[in-house]
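Following: one structure in structure tokens, then a few remarks.
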Amino acid sequence: MKYDISRRGALKAGGALVAASAIAPQLLQAQPSRGGDLRVGAGGANTSDSWDARTHSDLFMQMACMGSVFDCLTEIAADGTLVGELAESWEPGSAEGDVWIFNLRQGVTFHNGKDFGPEDVIESLQLHVAEGAKSAAKPIVEQISTMEITGPNQVTLTLKGGNAGFPTMLADYHIVMYPAGMVEDAMLNGIGTGLFKVETFDPGVRFLGSRVEGHYKDGRAGWFNSIEMIAINDGTARMNALLTGQVDAINRIDVKTESLLKANPNIEIFEVTGNQHFTFPMLTNIAPFDDVNVRKALKHSIDRQEMVDKILRGHGRVSYDNPIGPANTYFHEGLEPLTYDPDKAKFYLKQAGMDSLDVDLSASDAAFVGAVDAAQLYQATAKAANININVVQEAADGYWSNVWLKKPWSACYWSGRSTEDWTFSTAYELGVPWNDTHWNNARFQELLLLGRKEIDPDKSREIYNEMQTLISQEGGTIVPMYANYVDAASTKLAHGPDLGNVYQMDTARIGERWWMA
Amino acid sequence: MSSIFGIILRRIVLGVLTLFVVSLLIFASVNMLPGDFAQAILGQGATPEAVESIREDLGLNKHPVQRYLDWLGGIIQGDFGVSFAQANFAEYGGTSVELGGIASVADQLAPRFKNTMFLAGVSAAISVPLSVMLGILAALYSNSVFDRAINISTLSSISSPEFFLAYILILFLAVLNPIFPSLSNVYEGMTFWEKLDRTMLPALTLTLIVTAHMMRMTRAAIINLMASPYIEMARLKGTAPLMIIIRHALPNSLAPIINVIALNLAYLITGVVVVEVVFVYPGIGQLFVDSVKVRDIPIVQACCLIFAASYILLNLLADIMTILSNPRLRHPK
């Protein structure tokens, strides 16, 4: 693992990289085979981690829980399609999409020997809406009005209103299946139906799982004999661990030191553009943001490409104020570009009856890494359009309670949601608590309700394209960029042609999907 | 002999008193931290109602004096309380689950404390003999090139920030020459030698940091005595220079050396925060950082208390050893 950083070394490494990329397609097509032990250095670990999936919020537990020990009903495959995990198939029971019938996989057992059945589904779902439960998936499960066992391996869920994306929502990492009647035990010891059963779990330190013999995913996934996850929250330590070969893969590399990793021929950097996006939401019911012309002026006074280049160092993609990302099914590729154009911005200001504009923009790196720098870049480019942005640097502590949703214009981030309706109903629907722009548009709201019920894909695309156009042209949030998930792995590992882009590390399923080359 | 016990007893009482004052300081300063556990854990979802409900659950709404007394009362009975981070979410459908022991602060701290002690032990085993030896040699060849070289190298290592030393060691001993692992994740079930291998780099980093202080004190204490008449006598009777130092100078200069060693041993326990984070060593320092991040107050307080207690304890030990090594203090007039 020795390498030097001299010019010759870099050239040699570069040559090796070219060579590696030439043989890479063959490697990718190589048949996966069983064997090997995967060691992952993962950030996002906390001493508060447990097997209660309702509380999970960061990568370490996403990978350990949904990605290794537990299963959901449905799964978003690496290519973005929805496939069954513990549900074998599902179908709408009505034209409005408010009844969903799930046929469960047969012959699945939990790690303690209990058979998986419909009662487990019902009890696991009820966990999220139980009295006093603090579940991040409550808004999903709350939509269900009745749950019925309609067959030995069938569950019928009736929703309060139609929701075409409901099966996709059930792939959420919070909604994993626990054994009925022993949920407490399962949350304490980690008893699921996943490919790996818990050997050791030390919150905030380490997780070791061993491959279950005879699993329903045999032949499709689960190639490693074991998965070991080591909690490394420090970015430099993660990189060192990968460079010295103590782990095979790490998440979230520090883009500042990316060149060091690139110089090493034994390491592959893999990145995907998902739905994660950084935003500057403004309250559209407060002056001056209540004037659509002011919003348009602001949309044209930001240089989006510069943001991607300087804040994300190229690891991202320009967004035209669209909260729907490339990982969504109905992402609108053909939105009219919002270019940096001071003259256009001045024109819209004039339309609003102004010659110049003075506004405060509250930012803190709690919103996203580089938020303050991004606000200052914005300030510099907006000046040419006679817009004076006063960047107010806020404290990181209490940012989400005191600044976001409170100050007229602030910085924010969203990790994105797997369905369009879910993104919109979280932050853009009329009256929801996280509507951070107080967005209130009659046509948008009408389309939102239409799209939710629509099970026809073509009609859905039409509806969501119109909604994305509306929000891009008139909406109150500036979304300059989608931020990539940038991870790195040893070339000893191999993976399929597609990489999941819903979360980091192949949608947190590296342990299931990857294998030893 | 009884006077020694009197002195020791007095020191212990003073130590306990100090610890009490420290507990007050810890509680006050932890409570002055901006933001609280409820806000930290909820992040973007920190709506006023959610924050209020978690505060209610954890008793954060009580008066600070009441909370301090509850906490102190618990500690006196050996109960460090329940970790917020584990307790809050071990909830199942509104009713509290029978916790599997992970939630109590003591249970979370115990394995981490063991690891930190192991690291401190390894570092002490390397650094104490090394620095005393270097100190003696530096005194023996004082003002020579050897003396200067040792002084410069130890002083520059103590003056560098810990993380910098750590990265230098990683670069040379893990990346360029893979001798030791850069990742020190020790865990239950490893053999002693595996653990030792993993602990080597953090232990070496700590050694570099504490050596200068001990070595300089050894050197200074010995050189200080070298001008005394009894040393001159020894020299006149023809004793070899090294023997003079070991047989005549060292025993008389033990008191200050022991004092400095004890102080540095305390540093090996309390100063490990940065080193543990850089090497991902699962000790108290790392737990401390993780807990501060989520405002897990009971753990933060317990960590502070452990740091304070080990400092006080080792100082106490230093005092006692000084008294024992100095007959004049042993028999006060």
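The values are calculated or read from the model by the stated rules, or taken from the named source; none is laboratory data. Because the structure is predicted, anything quoted here is derived from the model rather than measured. Cβ coordinates were reconstructed from backbone atoms using ideal geometry, including for glycine residues, and neighbour counts include every protein chain displayed. To get the accessible areas, we keep the full protein, side chains included, count just its heavy atoms, and leave off ligands, DNA and RNA. Shrake-Rupley method; radii C 1.70, N 1.55, O 1.52, S 1.80 Å.
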Note on chain B: contact order normalised by length, alpha-carbon pairs under 8 Å, 6 or more apart, percent, works out to 26 percent
For residue A:384, placing the label point 7 angstrom along Cα-to-beta-carbon and taking the stretch A:271-296, residues whose amide nitrogen sits under 13 Å are none
Residues other than residue A:460 with Cβ under 13 Å of its Cβ, Lys/Arg counted +1 and Asp/Glu -1, net out at -3
Using a 1.4 Å probe on the protein heavy atoms only, what accessible surface does residue A:332 show? Give it in Å² to the nearest 10.
40 Å²
Label model pair residue B:141, residue A:341: point-to-point distance (7 angstrom along the Cα→beta-carbon line) in nm is 7.7 nm
Compute the long axis of helix B:145-159 from its Cα atoms, compare it with the longest principal axis of the Cα atoms of chain B, and write down the angle in degrees, 0 to 90, nearest 10.
10 degrees
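In Å, the Kirkwood hydrodynamic radius of the stretch A:414-502 over pairs of distinct alpha carbons? If you can, show how the numbers build up before the last one.
Working: mean 1/r = 0.0657 Å⁻¹.
Across the stretch A:414-502, the inverse of the average 1/r is 15.2 Å.
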On the first, second and third principal axes, largest extent first, how far apart are the outermost C-alpha atoms of chain B in Å?
85, 59, 35
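In what sequence, highest mean first, do A:414-423, B:185-194 appear when ranked by Cβ atoms within 10 angstrom?
Values: A:414-423: 22.7, B:185-194: 13.0.
With the highest mean Cβ count within 10 Å placed first, the list reads A:414-423, B:185-194.
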Amide H neighbours of residue A:391 under 5 Å, counting only residues 5+ apart in sequence or on other chains, H built in-plane at 1.01 Å?
A:361
Return the sequence-ordered ³J(HN,Hα) values of the stretch A:368-383 in whole Hz as given by the Karplus equation 6.51 cos²θ - 1.76 cosθ + 1.60 applied to θ = phi - 60°, using x for Gly and Pro.
6, 5, x, 4, 5, 4, 4, 5, 5, 4, 4, 4, 5, 6, 6, 4
Going by average Cβ neighbours within 10 Å, how do the peptides B:241-247, B:275-281 rank, with the highest at the top?
B:275-281, B:241-247
Semi-axes of the stretch A:277-483's equivalent ellipsoid from the Cα gyration tensor, sqrt of 5 times each eigenvalue, largest first, rounded to whole Å?
26, 19, 17
At R0 = 35 Å the Cβ-Cβ FRET efficiency linking residue B:326 and residue B:130, nearest 0.05, sits at 0.90
Work out the mean other chain Cβ neighbour count within 10 Å for the residues of A:239-245 and drop it here as an integer.
6
Pop a pseudo-label 7 angstrom from the Cα along the beta-carbon direction at both residue A:109 and residue B:194 and give the gap in nm to one decimal.
2.9 nm
Once the Cα atoms of helix B:297-325 and of chain B are each reduced to a long axis, what angle between those two axes, in degrees from 0 to 90 to the nearest 10, is obtained?
20 degrees
Keeping all protein chains in the complex and leaving out DNA, RNA and ligands, what accessible area do you get for residue A:318 with a 1.4 Å probe, in Å² to the nearest 10?
30 Å²
Can you pull the mean other chain C-beta count within 10 Å for peptide A:185-197?
1
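Over the stretch A:277-483, what relative contact order in percent results from Cα pairs under 8 Å that are six or more residues apart?
Details: 367 pairs, mean separation 76.9, N = 207.
Result for the stretch A:277-483 is 37 percent.
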Please express the Cα-Cα pair-distance distribution P(r) of the protein assembly as shown as a list of whole percents, one per 10 Å bin, running from 0 to the bin with the greatest distance.
2, 11, 18, 22, 20, 13, 7, 4, 2, 1, 0, 0
Derived scalar couplings ³J(HN,Hα) [the stretch A:503-515; Karplus, 6.51 cos²θ - 1.76 cosθ + 1.60; whole Hz; x for Gly, Pro]
10, 5, 6, 6, 6, 6, 10, 4, x, 8, 9, 8, 8
At 7 Å along Cα-to-Cβ for each site, give me the label-to-label distance between residue A:213 and residue B:8 in nm.
5.9 nm
Name all residues of the stretch A:109-149 having a backbone nitrogen under 20 Å from the label point set 7 Å from the Cα of residue A:58 along its Cα→Cβ direction, giving them as ranges.
A:134-137
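How much space per residue, in cubic angstrom, does the convex hull of the C-alpha atoms of the stretch B:108-293 take up? Write down the numbers at each step before the final one.
Details: hull volume 24.5 nm³, N = 186.
Convex hull of Cα atoms, per residue: 132 Å³.
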Using θ = phi - 60° and the Karplus relation 6.51 cos²θ - 1.76 cosθ + 1.60, list the HN-Hα couplings for the stretch B:183-188 in order, rounded to whole Hz, with x at every Gly or Pro.
10, 9, 7, 7, 8, 3
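Could you tell me what a quarter of the Cα convex hull surface of the stretch B:155-200 works out to, in nm² with one decimal place?
Answer in nm², one decimal: 3.8.
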Using only the Cα atoms, work out Rg/Rh for the stretch A:147-228, with Rh taken as the Kirkwood radius, to two decimals.
1.04
